[in-house]
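Below is one structure, written out as structure tokens; comments come after it.
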Amino acid sequence: MESLRDTVPASAEVAAARERFPVLEQVAYLNAGTFGPLSRDTLRVMREEQERDLLEGRTGLPYFLDTLGLRVEMRARVAELVGADAAAVALTTSTTEGCNIVAAGLGLGPDDEVVTTTDEHFGLLGALAASGARVVVVPPDPERVLAAVTPRTRLLALSQVLWTTGALLPVAELREASGVPVLVDGAQSVGTIAVDAAGLDFLTISGQKWLCGPDATGALIVADPERLRVAAPSYFAQVSYDPDGSFVPREGAARFERSWWSRASLRGLLTALGERPAWGQRHALVMAARCRELLAPHVELVPGGASPLVAFRRPGGDAAELVQRLHEAGVRVRELPGRDLVRVSVGWWTTEGDLQRLLDGVRPAG
């Protein structure tokens, strides 16, 4: 059987791809779980659009038709990324916004329950808390999730890749086994592992993390838009409306879109998506395994999964202090507040040299 290591690209191919990202010449960029690096071409097209806005203005029918056309193209590209239909895609500004659209649109109340885990990001948890439902929190174990389901459970709200440890949850299998709709926080999965939206009711996507797009870009996949209420309508929600504000909703998930994206953001993310190498996910997984191998003798590794996130703590050390020291040494990782963990996000651009710089900063001197 072919192993992941047998399928990694040649070093020259990785080096050529890395040349698109000037920041990689300066630092070991190991924090795409927060923000990914921006490429030269992504920034170039964004500047072109901003210059166009400066000189030609942001008005007129051609301007709006051009921007709306880019939105259509963006939905199609996002749909292709996760095997969804373009009509199921809503453009958002973040996974947090997507979670709030779903939690508010389901019309949950105090008699309803939502099952989630101890390792979810507040971007998901905050939306659940505001929904009015009873939030049932269990450890991120599939059996514990299923055991928490009751006749009152209206939603499973789970990360596909946990932002804390990189562990994977079988979200589609949990949806099938429980018969309960699932909201999947895809912030750390889309762009890192193969993600198939089939069988998922709702899937949130971040554009600025692993997809290396501009700030405040993302998407929400809604398998059946008719089952979700438009809880916070914007102008994009309707095709017509009455003086009292009642409206006829747009077809598909685009009715849930709340925000205008500039042409700079649209073209920037489209460019970033087009630069993703076919071998990227495989290479990142191989380098993540190598990262664990290098760190194991020096730190306490937290059990994770087949993802590019590696979490660890250094016995007797302070995570915040270590992250700051690594930053000063040109290594970009992050601390997980309240857990005393350091998280490493291994990207498709990560090299052995990046990992050696990390190791040099982690292991004790002398």
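Return the residues of segment 202-233 that are surrounded by fewer than 21 Cβ atoms within 10 Å (Cβ to Cβ) and within 24 Å of Leu273 (Cβ to Cβ); say none if nothing qualifies. Before the answer, list the steps.
Taking segment 202-233 first, the residues surrounded by fewer than 21 Cβ atoms within 10 Å (Cβ to Cβ) are 215-216, 223-227, 229-233.
If the condition is that a residue be surrounded by fewer than 21 Cβ atoms within 10 Å (Cβ to Cβ) and within 24 Å of Leu273 (Cβ to Cβ), then Asp215, Ala216, Ala223, Pro225 are the ones that fit.
Give segment 298-328 a look and list any residue that's at negative phi and without any contact (Cβ under 8 Å) to a residue 24 or more places away in the chain, or say none. Outline the logic, then answer.
The initial filter retains those residues of segment 298-328 that are at negative phi, namely 298-315, 317-328.
Within segment 298-328, Glu300, Leu301, Pro315, Gly317, Asp318, Ala319, Ala320, Glu321, Val323, Gln324, His327, Glu328 meet the criteria.
When only residues in segment 343-366 that are of a type in the set (A, V, I, L, M) and touching a residue at least 40 places away in the same chain (Cβ under 8 Å) count, which is nearest to Thr192 (Cα to Cα)? Write out each step before concluding.
Initially, segment 343-366 is screened for residues of a type in the set (A, V, I, L, M), giving 344, 346, 355, 358-359, 362, 365.
Okay, now just the ones that are also touching a residue at least 40 places away in the same chain (Cβ under 8 Å), so 344, 346, 355, 358-359, 362.
Details: Val344: 13, Val346: 9, Leu355: 18, Leu358: 20, Leu359: 23, Val362: 25 Å.
Filtering first and then ranking leaves Val346.
Please pick out the residue among Val138, Val102 that is of a type in the set (Val, Ile, Thr) and either closer than 23 Å to Ala237 by Cα or touching a Cys at 6+ places or on another chain (Cβ under 8 Å) (or both). Before you say what the answer is, go through the steps one by one.
Details: Val138 fails: either closer than 23 Å to Ala237 by Cα or touching a Cys at 6+ places or on another chain (Cβ under 8 Å) (or both).
Selected residue: Val102, the only one of Val138, Val102 that is of a type in the set (Val, Ile, Thr) and either closer than 23 Å to Ala237 by Cα or touching a Cys at 6+ places or on another chain (Cβ under 8 Å) (or both).
Specify which of the listed residues (Ala79, Ala84) is under 30 Å from Ala172 (Cβ atoms), among the small types (Gly, Ala, Ser) and in a helix (DSSP H, G or I). Give the derivation first.
Values: Ala84 fails: in a helix (DSSP H, G or I).
Unique residue meeting the criteria: Ala79.
Taking the condition of being outside any loop (DSSP other than H, G, I, E, B) and over 18 Å from Gly186 (Cα atoms), how many residues in segment 87-110 meet it? Reasoning before the result, please.
Taking segment 87-110 and keeping what is outside any loop (DSSP other than H, G, I, E, B), we get 87-92, 95-105.
Among the residues that remain, those that are also over 18 Å from Gly186 (Cα atoms) are: 87, 104-105.
The total comes to 3.
Quick check on my filter: what residues within segment 159-201 are of a type in the set (Asp, Glu) and surrounded by 24 or more Cβ atoms within 10 Å (Cβ to Cβ)?
Quick first cut of segment 159-201, residues of a type in the set (Asp, Glu) only: 173, 176, 185, 196, 201.
Asp185, the sole residue that qualifies.
State all residues of segment 95-118 that are crowded, with 18+ Cβ neighbours inside 10 Å and within 20 Å of the chain's Cα centre (by Cα); if no residue qualifies, say none. Explain how you work it out, then say what you get.
Pass one, segment 95-118, residues crowded, with 18+ Cβ neighbours inside 10 Å: 95-106, 108, 113-117.
Matches in segment 95-118: Thr95, Thr96, Glu97, Gly98, Cys99, Asn100, Ile101, Val102, Ala103, Thr116, Thr117.
Hey, any hits in segment 43-55 for a residue that's part of a loop (DSSP other than H, G, I, E, B) and of a type outside the set (D, E, K, R)? Talk me through it step by step, then tell me what you get.
Our first condition is that a residue be part of a loop (DSSP other than H, G, I, E, B); within segment 43-55, this holds for none.
Looking for residues that are part of a loop (DSSP other than H, G, I, E, B) and of a type outside the set (D, E, K, R), one finds none in segment 43-55, hence no.
Determine, yes or no, whether Arg144 is without any contact (Cβ under 8 Å) to a residue 40 or more places away in the chain, among the charged types (D, E, K, R) and over 28 Å from Arg75 (Cβ atoms).
Yes.
Of everything in segment 326-366, what is modelled with pLDDT of 95 or more and out of contact with any strand residue (DSSP E or B) (no Cβ under 9 Å at 6 or more places or on another chain)? Give them in sequence order.
His327, Glu328, Trp348, Glu352, Leu359
Would you confirm, using the coordinates I've provided, whether Trp261 is assigned to a loop (DSSP other than H, G, I, E, B), at pLDDT 95 or above and more than 27 Å from Ser345 (Cα to Cα)?
On the way: assigned to a loop (DSSP other than H, G, I, E, B): yes; at pLDDT 95 or above: yes; more than 27 Å from Ser345 (Cα to Cα): yes.
Yes: the conditions hold for Trp261.
Which residue pairs have Cβ atoms under 8 Å apart, sit 6 or more places apart or on different chains, and have a first residue in segment 221-238 that is free of Cβ contacts under 8 Å to residues at least 40 places away in the same chain and a second that is among the aromatic types (Phe, Trp, Tyr) and surrounded by fewer than 18 Cβ atoms within 10 Å (Cβ to Cβ)?
Note: pairs meeting the criteria are Pro233/Phe247; Ala237/Phe247; Gln238/Phe247.
If you go through segment 28-43 one residue at a time, how many are of a type in the set (Val, Ile, Thr) and surrounded by 17 or more Cβ atoms within 10 Å (Cβ to Cβ)?
So the count comes out to 1.
The values are calculated or read from the model by the stated rules, or taken from the named source; none is laboratory data. No experiment lies behind these values; they were computed from the predicted model shown. For neighbour counting, all protein chains shown are included, and Cβ atoms are generated from backbone atoms with ideal geometry for every residue, glycine included.
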